[in-house]
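Notes follow the structure.
The values are calculated or read from the model by the stated rules, or taken from the named source; none is laboratory data. Here the structure is a predicted model, which means the values were calculated and not measured. Cβ sites come from the backbone with ideal geometry, for glycine too, and all protein chains shown count toward neighbours. Side chains are part of the model used for accessible areas, which takes the heavy atoms of the whole protein and leaves out ligands, DNA and RNA. Shrake-Rupley method; radii C 1.70, N 1.55, O 1.52, S 1.80 Å.
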Amino acid sequence: MTSPDVDKRAKPTTIDLGGRTLPLNLKTNARARRMTLKIEPGGHAVSLTVPPGLARHEVDGFLRRHHDWLLERMARFEGHESHIADGGKVKIFGVPHTIRHSGNLRGITEARNEPHGMVLRVSGPAESIGRRVADYLKKEARREITDRVKAHAAASGKSYVSISFKDTRSRWGSCSSVGNLNFSWRIAMAPLFVVDYLAAHEVAHLSEMNHGPRFWALCERLCPRTPEARQWLKNEGSFLHAVRFDAPFA
């Protein structure tokens, strides 16, 4: 008797990894020829793409065989996962800042160089610390990215239509065919040379809507540290998604 198709039964929605339960995003792709498994950015979930018509026992067996691989990959996030909270740390352009809740219900969020190091002072209710820190990062990302986009666009002789910011997971930035540039505001936690590269990368797409040799030549002309920044994002980028700005006990 043939095993039921995974599409015709309840799909698994979670996976247990070393005592930790994570969401399992199971997707069926008509063009897939085999199962593919990956850790979502930040290590908050696991994604499994399967071909159509696959039996449930095949999916379960695949996950069992790759259990140790998943544990090994998840171990990379140890020490990087954090909730934004009073007394914790957040990086602002690569520089660690200690979060200090002022206790005042009104006031601004501001970074200060204090005797014991860099501090991010946050006002408002305690339950809003994460949101206020995220808002601060968004503001800083907009300021730095906008200035660098303007400079790189002028240097390349191109113009853009708009700049927007989202909490994107699949890519750090994008450029539409009409010149709309989009960036992940989480890049505000990365070093400034990485921020500069990201701005240069999307501006270079205003000239070259591809990743061919001419694109990379332009990108490196605008940002000489392009190779270093690309390597940083490859090695460290996913950890920026491990920072959570929601309330720890929500």
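General observations
- Distribution of pairwise C-alpha distances over segment 114-192, 5 Å bins, in %: 3, 13, 20, 20, 17, 11, 7, 5, 3, 0
- For the chain, diffusion coefficient by Stokes-Einstein and Kirkwood Rh (Cα), 10 °C, 1.306 mPa s, µm²/s: 77
- The mean sequence distance of close C-alpha pairs (under 8 Å, at least 6 residues apart), as a share of the length of the chain, puts its relative contact order at 18 percent.
- Rounded to the nearest 20 debye, the dipole magnitude of the chain is 440 debye, with +1 charges on Lys and Arg beta carbons, -1 on Asp and Glu beta carbons, and the Cα centre as origin.
- About the centre of its Cα atoms, segment 141-200 shows a dipole size close to 120 debye [charges on the beta carbon of Lys, Arg (+1) and Asp, Glu (-1) only; nearest 20 debye].
- Taken about its Cα centre, segment 14-76 carries a charge dipole of about 240 debye when Lys and Arg each add +1 at the Cβ and Asp and Glu each add -1 at the Cβ.
- Cα extents of segment 170-250 along the three principal axes, largest first (Å): 49, 28, 17
- Accessible area in the full protein assembly, largest first, 1.4 Å probe, for VAL95, VAL119: VAL95, VAL119
- Relative to one another, the C-alpha centroids of segment 169-215 and segment 76-142 are positioned 26 Å apart.
- With a 1.4 Å probe rolled over the protein heavy atoms of all chains, the accessible area of SER128, SER170, SER238 falls in the order SER170, SER238, SER128, largest first.
- Degrees, to the nearest 10: 226-240 long Cα axis against longest axis of the chain: 60
- Subtracting the Cα-Cα distance of ASP147 and ASN235 from 0.36 nm times their residue separation leaves 29.1 nm of extension gain.
- Under the combined filter of DSSP loop state and at most 14 neighbouring Cβ atoms within 10 Å, segment 201-250 retains these chymotrypsin sites (Phe, Trp or Tyr not before Pro): PHE249.
- Most positive-pole-ward Cα, LEU63, ASN29, THR14, against dipole of segment 14-76 from beta carbon charges: ASN29
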